[in-house]
Structure formats: structure tokens, C-alpha cells
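Notes to accompany the following structure.
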Amino acid sequence: MTDHDKVKKTALKYGKDRPKAKNPVLIEDLTLRDGHQSLFATRGRTEDMIPVAEMMDEVGFWAVEVWGGATFDTMHRFLNEDPWERIRTLKRYIKKTPFSMLLRGQNLVGYRNYADDVAKVFVERAAANGMDIFRTFDALNDYRNFETVVPAIKSCGKHFQGCICYSLTEPRMDGDVYTLEYYVKKAKELEKMGADSICIKDMAGLIAPYDAYDLIKALKEAVKTPIHLHSHFTSGMAPMSQLKAIEAGVDILDTCMTPYAYRTSHPAIEPLVMTLLGTSRDTGFDIRHLAAINEILEKDILPKYKHLLDDSKVSIIDINVLLHQTPGGMLSNLVNQLKQMDALDKIDQVYAELPKVRKDLGQIPLVTPTSQIVGIQTVNNVLFDDDKERYKMITDQVKDLCYGLYGKTAVPINSQLQKKALKGYSRGEKPITCRPAEVLEPELEKAKEDVKDLAADIDDVLIYALYPVTGKRFLRWKYGKEEPPPEVKPRTLEQVNAEQELIARAKAGELVERIKKENVPTKGDKLRRFNVFIDGEYFEVGVEEIGGGAPVVSYVQQVEPAAALPKPAVPKAKPAEPAAKEKAPEPAAAGGITLNAPMPGMIISYTKNVGDEVKKGDTIVILEAMKMENALPAPADGVIKSINFKSGDSVPKGAVLCVIG
Ligand code: MN
């Protein structure tokens, strides 16, 4: 019987009642991890997964991805949720379907290589808490970074899925780095390491349908291990690539439930179920059951997250991915970073600079954390470099990469850049060639000691070991030592509805009316006027304390000589000077030179104290911006007169971090 005959025979059978395919395409559902990570900034809360958890368990998925990637970071940092607790909670509802997590090799669920002792214990604890499948990748496809975690996965009796990050340097699978031979070689390495399955991890949605066909076909011929394709929808090609992959014999595919699908996420499951219905690769899924899950997600869950959806564009396809071969998430990060620095007009320069930086850094695949490393260095180059000097402000992570701390790059790093980056580098000026984690001192015992008064168990210690600043803050929230701020609390459906109502009333003009009717206080003589610039628009704002007192200003950042008088209003036509360039040190009113934050971020630490003598160029502050640590140098020689923030503080661009006198 041909596939077509079978379709006719089963045309009305959507449910489990149709004949079972001999070799169904196996499906991993990513809704509860990559789905909300891609569309909703990983903000999905455990309480919003529970209403569909039992129903998801009934679908017949090969696995559900519920953890790893950015979830660990986001949960403890923004959601005030214990990441470990999510696995245990979901396990109470999802009892049959195996759990899968994304493990960033030696980076675990963070952005740098952790020491072997931390990596081993992390895997053991993930397994003990309920993880079954470890989808493991390394941003450089350097499998020496698997040497610690893989034996740990295996000794826990769990499934090791080895990834090959899919990357391109040309529009299609070609060029001299990421060729068919490259991927076959990597697959053979993974099989040798004992991979239980091999995943092509196409994080940017770069894989074109006919390349997918050739690639899967070649891999199926080269290795016996089941082949899994993970492809993001971003560029619009993924559903076509999935179909061609099926034709080439792929074993497992990744999808999301419809409300969490498409855009930068993954193809949806329902169209695929219908596509394969009655064929020899029929998933066997009940499409009405999937529809019932969708209804709950659509009505009760998604309204709480809709505000996080990037609705600035009508199109759900990101054509830039096809133009630049870069992940969509990375591009939106770049846009945000430029926006925060009032430099969005430089986006075209960033697009032009990006392939140059990537080439200089060894044509590395662009995936966390390498996408951030390349992205931030690119922005730094565009903002700070001039005709005389390239790579003026090199991030610590680029220095680490040049040292070999992330592993071996696809092609050698530009030697001039490497030399410049490693000048005065703390670990040494000569790059290493060994497995990166070999140069890392054990970290676990120190972490235990650091939080011995705060951590109740090893899972707590690991939160701190992976994320020292935000992890410690989370543990303080968890054990009632510090009140969590209101922004980490969940949004309820009631709040969402109230907001919607407010917007509707505002649109109907009711709110304006109410303000008019209320008594407006008269302006007092303590009124101070401020110039406010928002996206190039100029506003003059009067500020006065209620009751007519003088407004309290916590600090004033000196950007003009103290003697300058308030300037007249800037006409609207002339937008504010984009203040993106690194400012020359300005004499402050208090008689000192200020170190200003060049970008918004979070203070990791100060490396100097008040009273310390510093030389121009010495590192004073480590500022985390866009997940990267930036060492900020002293703008001049002198003595530290004041330090204005502490570890964990968020600072706006331009904030005076310290004063040197
Ligand atoms: Mn992904």
C-alpha cells in the first residue's frame, strides 16, 4: 500500500485509533524550555507549566525539554524560582515522558567553563533531580569540553545526546570550514564518545532544506546512532528542512505547541502531525488532544506573557538571518545594546563589522556564549575604535577565548589580535593548547565555604557556584534574608485583565477626563527643570517634591563644566547628541575624575577600594552587560575618592561608578 492510499484510508482518523506506523518520526517537545526561551525571554514560570503538564505527558513525545539553557539563569535571577525545584515539580505531573535538558558542555548552564569538580556534581545533581536526556553541546564543537560531563552522564545511567552546532560562513553549506565532511567527522567523534543520539543543533535556523537532506543522508550513512534535528523557525526554512530531513531518514525532530511556535522558536507540532498522517512515518499523535492543550495555553497562560513578545514587526520571519547568517536572538541583542547606548544609527556598521570580528576570532559558530562574545566585541569595535586603533576595548571573554579558555576555534585566531588581547592577561600571555578546564582550579570547596551560612544543600551551593552574584542574592531571597523586589513577582491573569481595561479606557479618552477634573497643584518656587531626551525626542520636565520642598537628587552626573549655565531648550528637530562614544574624563564638581559606566549593566565587583592609588588603565570595576563581563579601566592616575555602588547593583549608562582624585 502506498502512503497515499493509507492517507485515504485513515482520512478521518485524527486520534490514536489509526494504525501505528512502523517507524514513526519521534518528536521532542520544546515548549517548556526553548519555546519560551525563544519567544518570551525564558520568563515562563513553573506554575504556568503545571496546567498542561499531565496532558503533555499523554501526547506520546519521545522527550520533553524542560530545563537547561537559559532557564537556570533566568529563574533565579528574574523569577525568584529555585531552578532545581522546577524539575522535581514537573516530574510529579509528567511521569511517563523522559525529561531533556540543554547542557552547554563544560559551561553547564552558564556562560564560561566551570571547573571539573563543579561540572561533575552539577550533572549528578541534575540526574538525581529527575533529568533523563542530556543534550550536550560546545559552542566551538570542541569535544574535549565534553570529557568531564559525558562520563558523569553515563555513570548516572542517563542518555547522552551529543550536539554538532550547525554553522555557516557562506549562505549555504559550503565554504572551507563548515562542510559536509566537517559534520560527518564531528558525528563520528560523538559516536566514539558513546553518544546515545546525535543532534544537529541549528540554533539560528540556518539550515536550508536541501542542505538538511544532504546532511542527514550523509550522517545516516556514516553513523549508526539515531539522528536528531533541532532547527529554529527564525528564517522560515525549518518546516521545509524538517520535511527534507524526514525524507533523508531523520529519527527525531524538535517542535513546539502552536502558541510557543514560529518566529524565533520552532515549527509547530500540529501541521507536522497532519503532514505525516497515515504515512510510514506517522507520529501517531492525537491532533484533538494537541488542540485541547493549545486551548489552555492560549486562554489561560499566554496572555500573561504576551507583553514579552516582540511585536515591533508584523513579519514572523527574520530576513536578516538569511542575509547575515547570524542567530536572530543575537541580532535582537545587538539592537537592544545599541538602543541602550543611543547608537541604533550604527546598526549597519555593526552588520559590516560582525563577520570581520568572527573571522578574527577563528570563524567560531555563533551560539551561547560565542554569539555574545562576538556580538559585544563587534559593538565595542564600532563604538570605540578609531582610524588609529582597532580592538580598543577588548572584553574579558575575548581575552579568555584568545587564551584558549573556551577551546579550539574552527580556524586559528588572528595572531595580531591574540597578541594584543593577551598583553598583561592574568593567566599568562602564551595561549594554551590543552583541554581548557585543565587550567581551572577546583571551585566547589571554596563555593561551599563562601555560602556555608546560606546554603542548605549542595543544590544551593551549585546555584552560587554557577552564578556568584545573582545566585547569592537568590539564596538570600529564598531563605528570607532579603525581601525580593516586586519585579520578580509573577503577573496574574487579573493584573493582565486590569491593564487591558486601563488601556481600553485610555483609548476611549476616559483617563484624560479624570486627570482634568482633579486639582492640579500650583507650581512652587522650588521647582527644578530637567531636560529629558527619549529616543531623540526632547522634553522639558519640572520636578518638585509634593508639598513644595526641594527635589532630592541622589547624584548628578557632571557632563558639562560646572560653570556652564542651564542651556536653552533644544529644538525638537535637533535630536540629542548620541552619547555613545567613550567620554573623555571630565573634571567633576567635587574635584575628581569620574569613571562612568559606558553601558547599562550590573556591577560584578570593584577591584579597588576607597583610598587605593591607581594608575591610568588599571581595572577598577567589573561591569556585566549583555551577559558579558567588562573590565573598566581607570581614566587617569590618582587615588580613589569614592565608590558609588556595590556588587549586584544595576547601573544606567553614564552612572558615576567611582571618583578618582
Ligand atoms: Mn535552540
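Structure shown: which of K356/K408; K356/K423; K419/K446 lie over 27 Å apart, alpha-carbon to alpha-carbon? Result: K419/K446 exceed 27 Å.
Shape summary: the chain maps onto an equivalent ellipsoid whose semi-axes, from the alpha-carbon gyration tensor, are 44, 32, 25 Å in decreasing order. Remark: spin-label model distance N336-K224 equals 4.5 nm, labels positioned 7 Å along the Cα→Cβ axis.
Counting pairwise Cα distances across region 225-299, what percent come out greater than 16 angstrom? Write down the numbers at each step before the final one.
Numbers: 1384 of 2775 pairs.
Within region 225-299, distances greater than 16 Å cover 50 percent of Cα pairs.
Sparsely packed loop sites in region 79-120 (the chymotrypsin sites (Phe, Trp or Tyr not before Pro) outside DSSP H, G, I, E and B with at most 10 other Cβ atoms within 10 Å) do not occur. One chain, two ends: A506 and E295. Fully extended at 0.36 nm per residue, the span grows by 73.0 nm beyond their Cα-Cα distance.
In order along region 645-661, phi translates into HN-Hα couplings of 9, 9, 3, x, 6, 8, 10, x, 4, x, 4, 7, 7, 7, 10, 10, x Hz, rounded to whole numbers, per the Karplus curve 6.51 cos²θ - 1.76 cosθ + 1.60 with θ = phi - 60° and x for Gly and Pro. Against the chain, whose longest principal axis is taken from its Cα atoms, helix 468-478 shows a tilt of about 80°.
Once the Cα atoms are used to define both axes, helix 116-129 deviates from the longest principal axis of the chain by about 60 degrees. Annotation: S647 carries an accessible surface of approximately 70 Å², with a 1.4 Å probe and no ligand, DNA or RNA atoms counted. The loop-placed trypsin sites (Lys or Arg not before Pro) in region 413-464, going by DSSP, that have at most 13 neighbouring Cβ atoms within 10 Å of their Cβ come out as K423, K452.
About its Cα centre, what dipole magnitude does region 336-429 give when the only charges are +1 on Lys and Arg Cβ and -1 on Asp and Glu Cβ, stated in debye to the nearest 20?
Details: 14 positive and 12 negative charges, 79 e Å.
For this selection, approximately 380 debye.
Report the gain in length on full extension from E441 to T169: 0.36 nm times residue separation, minus Cα-Cα distance, nm rounded to one decimal. Write down the numbers at each step before the final one.
Working: separation 272, 0.36 × 272 = 97.92 nm, distance 3.54 nm.
Full extension of this stretch gives 94.4 nm more.
Measuring max minus min along each principal axis, the C-alpha atoms of region 614-661 give extents of 30, 18, 17 Å (largest first).
With every protein chain in place and a 1.4 angstrom probe, the accessible-area ranking of M274, M257, largest first, reads M274, M257.
Computed over every Cα-Cα pair of region 326-433 and binned at 5 Å starting from 0, the pair-distance distribution P(r) comes out as 2, 13, 24, 25, 19, 11, 6, 1, 0 percent. Ordering S415, V398, T433 by Cα displacement along the dipole of region 377-438 toward the positive end leaves T433 in first place; charges were set at the Cβ atoms of Lys, Arg (+1) and Asp, Glu (-1).
Over 22 Å between Cα atoms: which of K22/K158; K346/K388; K154/K224 fall into that group? Numbers along the way, then the final one.
Values: K22/K158 26 Å; K346/K388 19 Å; K154/K224 19 Å.
Beyond 22 Å: K22/K158.
For V184, neighbours were defined as the other residues whose beta-carbon sits under 14 Å from its Cβ, and their charges (Lys and Arg +1, Asp and Glu -1) total +1. Of the trypsin sites (Lys or Arg not before Pro) found in region 17-48, those that fall in a DSSP loop while having at most 16 other beta-carbon atoms within 10 Å are K20, K22. Each Lys and Arg contributes +1 and each Asp and Glu -1, all at the Cβ; summed about the Cα centre of the chain, the dipole is approximately 340 debye.
List the aspartates and glutamates whose Cα sits under 14 Å from the Cα of K489, skipping any in the same chain fewer than 8 residues away. By straight Cα distance, K489 reaches E47, D48, E81, D82.
The values are calculated or read from the model by the stated rules, or taken from the named source; none is laboratory data. Just so you know, these numbers come straight off a predicted model, no measurement behind them. Heads up, the Cβs are rebuilt from the backbone with ideal geometry, glycines too, and the neighbour counts pull from every protein chain shown. For the accessible areas, the whole protein counts, side chains as well, though only heavy atoms, and no ligand, DNA or RNA atoms are used. Shrake-Rupley method; radii C 1.70, N 1.55, O 1.52, S 1.80 Å.
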